[in-house]
Amino acid sequence: MSKETISRITDKVIEEMQTWQARPLEPVYAAIFIDAIMVKVRDEEEHDGPCAGSQHSTHSPSPSPTAGRQQRPTDEDRRKHR
């Protein structure tokens, strides 16, 4: 893509981009991130199974000190999922 093409595209969207950048912000934004990996699982026999995790995050002027922190599993949690 040429420099001229990029300049033409930028010139067409710059006003809308500046309006978006100057918009009033919401007091709180929330996000949830979810992912999974395949791991070996031992039930009655060994097989691959999904292990899912999630994390939430909020952004506000005065966020909670624990917002977005993921809680570590306890020994009891680990025993339940063996």
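The values are calculated or read from the model by the stated rules, or taken from the named source; none is laboratory data. Nothing here was measured: the structure is a model prediction, and the numbers come from that model. Methodologically, a virtual Cβ is constructed for each residue, glycine included, from the backbone with ideal geometry; neighbour enumeration extends over all protein chains shown.
Taken over the stretch 45-60, the criterion of being within 11 Å of TYR29 (Cβ to Cβ) and either modelled with pLDDT of 75 or more or assigned to a loop (DSSP other than H, G, I, E, B) (or both) is satisfied by SER60 alone. In summary, THR58 fulfils each of the numbered conditions (1) loosely packed, with under 10 Cβ neighbours inside 10 Å; (2) touching a residue at least 24 places away in the same chain (Cβ under 8 Å); (3) touching a Ser or Thr at 6+ places or on another chain (Cβ under 8 Å) with the single exception of condition (1). If the condition is being under 30 Å from ARG79 (Cα atoms) and in a helix (DSSP H, G or I), then the stretch 3-44 contributes no residue at all. Report yes if some residue within the stretch 28-47 is among the hydroxyl-bearing types (Ser, Thr, Tyr) and free of Cβ contacts under 8 Å to residues at least 12 places away in the same chain; otherwise report no. Within the stretch 28-47, not a single residue is among the hydroxyl-bearing types (Ser, Thr, Tyr) and free of Cβ contacts under 8 Å to residues at least 12 places away in the same chain.
Looking across the stretch 1-34, the residues that are closer than 25 Å to HIS56 by Cα and surrounded by 10 or more Cβ atoms within 10 Å (Cβ to Cβ) come down to VAL28, TYR29, ALA30, ALA31, PHE33.
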